[in-house]
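All remarks here apply to the structure that follows.
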Protein chains: 2
Amino acid sequence: MRTAAAVVLCSHWKCGRILRRWRSSASCTALCVPKFLTSPARVLCLCPKDSTVSPEPSLPKILETRHKPLLKTPKGMNDVEPWNVALRQRILSTIIACFERHGGQRMDTSTLERRDVLTERYGDESKLMYHLEDQGGERLSLRYDLTVPFARYLAMYNPGRLRRYQLGAVYRREQPSASNARLRQFMQADFDIAGNFTPMGPEAECVRIMHEIFSELSLGDFVIKVSDRRLLQAIVALYGQPSNTHCGVCATIDKLQKNGWPAVKEELVQRHGMPSDSADRLGEMIIQKGGEEVLQKLIVDPNLQGEKAQKSIHDLQLLFSYLRILGVSNKVKLDLSLARGVDYYTGVVFEAEISDSRDKVGSVAGGGRYDDLVAELHPKGKQYPCVGLSIGVDRLVMLAAQVEPVMLQKSITEVVVASAEKGFLEERMHLLAHLWDSGIKAEMMWDKDPSLLRQLQWCEKHGVPLVVIIGSREQATGVVGLRNIALRHQEDVPLVDIVAEVKKRLQQT
Amino acid sequence: MRTAAAVVLCSHWKCGRILRRWRSSASCTALCVPKFLTSPARVLCLCPKDSTVSPEPSLPKILETRHKPLLKTPKGMNDVEPWNVALRQRILSTIIACFERHGGQRMDTSTLERRDVLTERYGDESKLMYHLEDQGGERLSLRYDLTVPFARYLAMYNPGRLRRYQLGAVYRREQPSASNARLRQFMQADFDIAGNFTPMGPEAECVRIMHEIFSELSLGDFVIKVSDRRLLQAIVALYGQPSNTHCGVCATIDKLQKNGWPAVKEELVQRHGMPSDSADRLGEMIIQKGGEEVLQKLIVDPNLQGEKAQKSIHDLQLLFSYLRILGVSNKVKLDLSLARGVDYYTGVVFEAEISDSRDKVGSVAGGGRYDDLVAELHPKGKQYPCVGLSIGVDRLVMLAAQVEPVMLQKSITEVVVASAEKGFLEERMHLLAHLWDSGIKAEMMWDKDPSLLRQLQWCEKHGVPLVVIIGSREQATGVVGLRNIALRHQEDVPLVDIVAEVKKRLQQT
């Protein structure tokens, strides 16, 4: 009998105190309840070296008191159940078809990025990033959007002109409130055009892409708001703000729709040090919205005669003329309070909003031009002009779930192979393999003796259209029963014809 | 002129020392080189409150000496470029079609899980898990596989019998070596059957699913190895190992193919305290492999007459008979050294290997029965028998890239709208919008004055089949040129017929 002298340590990372020492051949177990825990921690037993066997100390073994984990998904993250996947797939296929109609090539990047690639790209929002623990090696974070990873890709590989699209989850430590069910993991669908092109061409195409997708999805009335960071910054500069604060001020202005003017004004005054009356005049300036007539007013505004502002207004006029040619100007609106939250935008920005069945308006897509982002990451600062858009897929799924009735747990199986009496397991398996070989979506209940009634009820509940039934009568006469669940109609079909018959019935349903 | 007294702190989390204090109206910047860093750290400037403007201390602002991040993807994680996506999509569609043929319902879980759900499920391998930093709130980790999240889902929702499939990335901190390009983020495709069924039925279906997929993909000759944890544990028990070490011993045995017998024997002796001659006899036992004849030998082995071993051997015999009925026994082989690394398997385990074009064999899928996993997570220990398989999608993509020639950067665009002379930007846009409206995958170069030669060369390089050409001659006569790039053949088509003509040509190519 081997004896073991064991030091038992609490394995909780904040605790780690020695609980007891003892000599025993029994497996050692102990319990520690550090004050900061609501449930007892697991315990780590450091076994001593067995000098007769092992020259080195043996590895620590965890002999824990099996405590159950708290059974939930992480805050703000949901399981996507089958009915939700089906809805999501339909929305994604519309988006993908549109992206590919516009020559998009699909790409993917890893969920994780080196932290230094991500920090400093998002301004204030970067505090919402998820960081990974330092486990040795690189410091990593979860991607916050798909745009910075794409810029990192462009800086690394310099692939020339590129239209790429990407679908993937992004991660933000948002604070969910009672009123908004903000997710902390959500899917974005991004389309970007990278390269040097004629002004406003790629911007117009991005707006057209959003217009095509939201028209086709028919989830509610939508509007695409357009603005320009350069114009907004020229306006902000009118009120004495130094240029290095412009990104921060833009991020503040962007909260106008969400938080309202009083909150925005307070932030402008308190945080950015803007005098109260300047903030008010800024407020009057940025609530301007409408069509091209607003641009005509702005272009003659004596305060906006600087080169940057004039260029920006001219570009917006050009954009509107292109949108008319592309047939999508009907849904587009100039909105000077649109700024977009993150730091990297440098020109035109846009955002699409859909009004849902309860007339609540929500942002479902956004984007803009970010000409300097690649240069920020490139070792030699290579300029790589880009414009792109992100679609919030989860919001669209939520909207779609409101619009259309949801089929819960509907099976995609076409045929169930059932038996009319006990046994017939192997006969069902033979038949099932035959159906699979012919590409039919088939299933059987892997029970030894399922009752026929139970098998039929299961099909009814899960919406399986056809059942093939085998039993001793059928086996003797070389036929099988073929039952249409909806019609409750059953007939005998020769076993040799069963695949052809099933395919014929499936085409009819 | 405002003056600012600034404290400049190194922003590196390990450093944080005060670098200097000064008063200056210029933007403050400083550089810190902590010893543990190879490149200078960014610097954080804590600006003092400006009492004339802001009553509270203003927020810290980062005024960094713009250091470029190291431009690379995280270790063991790759960008998936367009050609790779295309290959991957083709493989995924084969897998999805098979999973749906077997009644699988698609599901998804979040990439992150609460850490207490994941720890203790993987035995030794859990040291490879990625943990998230403690940023307040829950302690999270990246999922290590798709099986434990599925078990967590079953324990939470108790959905009854379920066949689900899931595609998603999993994360493991593997050590890549020169010889193996192990990825740290890779995609798994999982199919699982949850619920209580007749013995070996679902196991047989899982093996059939792997057989269907690897037959259809035709990436090389494959074999499906089958074993049973219960049998292996009965064998291990013969050599005096206490039952709580069986999982660890199984994990060691599983390394046989990768590390060879001497390494496995050393681990058995050094770590699990097995006498050297026992280890040798165990080694002779587990190298047995073959077909049903091995089972016939085992069932009469005087050492394996215990209830557990006999049940396991009988089950394996039943499995082989089912596999014969399902027509897939030709590729299945019993291999007692197959144990699978993770702790949660409780019965039959399987693993598929493909020999590639250079005759190197690699594991591409695996799985087995895990009857206790849900109970470990469920608060009341509810039993939920499950069996399932995981396919390593990235390995299949690598194999496929060896087998078939890869089309680099081929565009999916069907038509490019080009102009024969300078300008014609708006005319091209009109035509482009018309093609998009008709669902044609169309593109134009967003240049003001692209040369026709450059536009045609671009199409040739990227494999775009058709070009529509517009210029002043075409505009005057109401026609456009329609050019087939491969044939270098061009003809005039009336503008009103262009959509119909393009569609006709696309069907021909």
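The values are calculated or read from the model by the stated rules, or taken from the named source; none is laboratory data. If you're wondering where the values come from, they're calculated on a predicted model, not measured in any experiment. In this analysis, Cβ positions are derived from the backbone assuming ideal geometry, glycine residues included, and neighbour counts consider all displayed protein chains. For accessibility, only protein heavy atoms count, side chains too; no ligands or nucleic acids. Shrake-Rupley method; radii C 1.70, N 1.55, O 1.52, S 1.80 Å.
For the reader, a short list of remarks on this structure follows.
- Residues of the range B:65-108 with an amide N closer than 17 Å to a point placed 7 Å from the Cα of residue B:403 along the Cα-to-Cβ direction: B:84-99.
- Gain on full extension, evaluated as 0.36 nm per residue between residue A:280 and residue A:507 minus their Cα-Cα distance, stands at 75.1 nm.
- Sorted from closest to farthest, the other copies place their residue A:486 label points 4.2 nm away, with each point set 7 Å from Cα along Cα→Cβ.
- Extended-chain gain in nm, criterion 0.36 nm per residue less alpha-carbon gap, residue A:215 and residue A:311: 31.4 nm
- Mean separation of Cα contacts under 8 Å, 6 or more apart, over the residue count of the range A:156-265: relative contact order %: 17
- Accessible area that becomes buried as B packs against A, both chains, 1.4 Å probe, Å², nearest 100: 10400
- Principal semi-axes in Å for the range B:266-385 [√(5λ), Cα gyration tensor, largest first]: 23, 23, 19
- Around the Cα centre of the range A:351-509, unit charges on the Cβ atoms of Lys, Arg, Asp and Glu (plus for the first two, minus for the last two) sum to a dipole of about 80 debye.
- Distance between modelled label sites at residue B:360 and residue B:243, nm, 7 Å Cα→Cβ extension: 4.3
- Once the 1.4 Å probe is applied to the protein heavy atoms, the range A:250-399 comes out at 41 Å² accessible per residue.
- Dipole of the range B:232-301, positive end: most advanced residue of B:241, B:298, B:251 [Cβ charges, Cα centre]: B:251
- A crude spin-label estimate for the pair residue A:330 and residue B:138, with each label 7 Å from Cα along the Cβ direction, gives 4.5 nm.
- Virtual paramagnetic centre 7 Å along Cα→Cβ of residue B:430, amide N under 19 Å, in the range B:470-496: B:470-482, B:492-496
- Per-residue mean of foreign Cβ neighbours for A:116-126 is 3 (Cβ atoms of other chains, 10 Å radius).
- Segment residue A:318-residue A:79, length gained on full extension (0.36 nm per residue, minus Cα span): 81.6 nm
- Filter on A:503/B:331; A:255/A:311; B:75/B:289; A:72/B:255; A:255/B:441 - keep pairs with C-alpha separation over 31 Å: B:75/B:289; A:72/B:255; A:255/B:441
- Computed E for residue B:68/residue A:288 - FRET, C-beta separation, R0 41 angstrom, nearest 0.05: 0.55
- In percent, rounded to a whole number, the relative contact order of the range B:223-320 is 33, using alpha-carbon pairs under 8 Å and six or more apart.
- Charge dipole (debye, nearest 20) of the range B:240-298; +1 at Cβ of Lys and Arg, -1 at Cβ of Asp and Glu: 140
- Ascending list, in nanometres, of distances separating the residue A:161 label from those of the other copies (7 Å, Cα toward Cβ): 5.7
- With every protein chain in place and a 1.4 angstrom probe, the accessible-area ranking of A:227, A:215, largest first, reads A:215, A:227.
- Shown for residue B:461: label points 7 Å from Cα along the beta-carbon vector, and their distances to the equivalent points in the other copies, 6.0 nm in ascending order.
- Loop chymotrypsin sites (Phe, Trp or Tyr not before Pro), the range B:302-361 (other Cβ atoms within 10 Å of the site Cβ: 14 or fewer; DSSP): none
- The range A:456-509 and the range A:320-370: distance between their alpha carbon centers, rounded to Å: 53
- Rg/Rh, computed from the Cα trace of the range A:122-225 with Rh as the Kirkwood radius, has the value 1.02.
- Based on Cα contacts under 8 Å between residues 6+ apart, the range A:155-216 shows a relative contact order of 34 percent.
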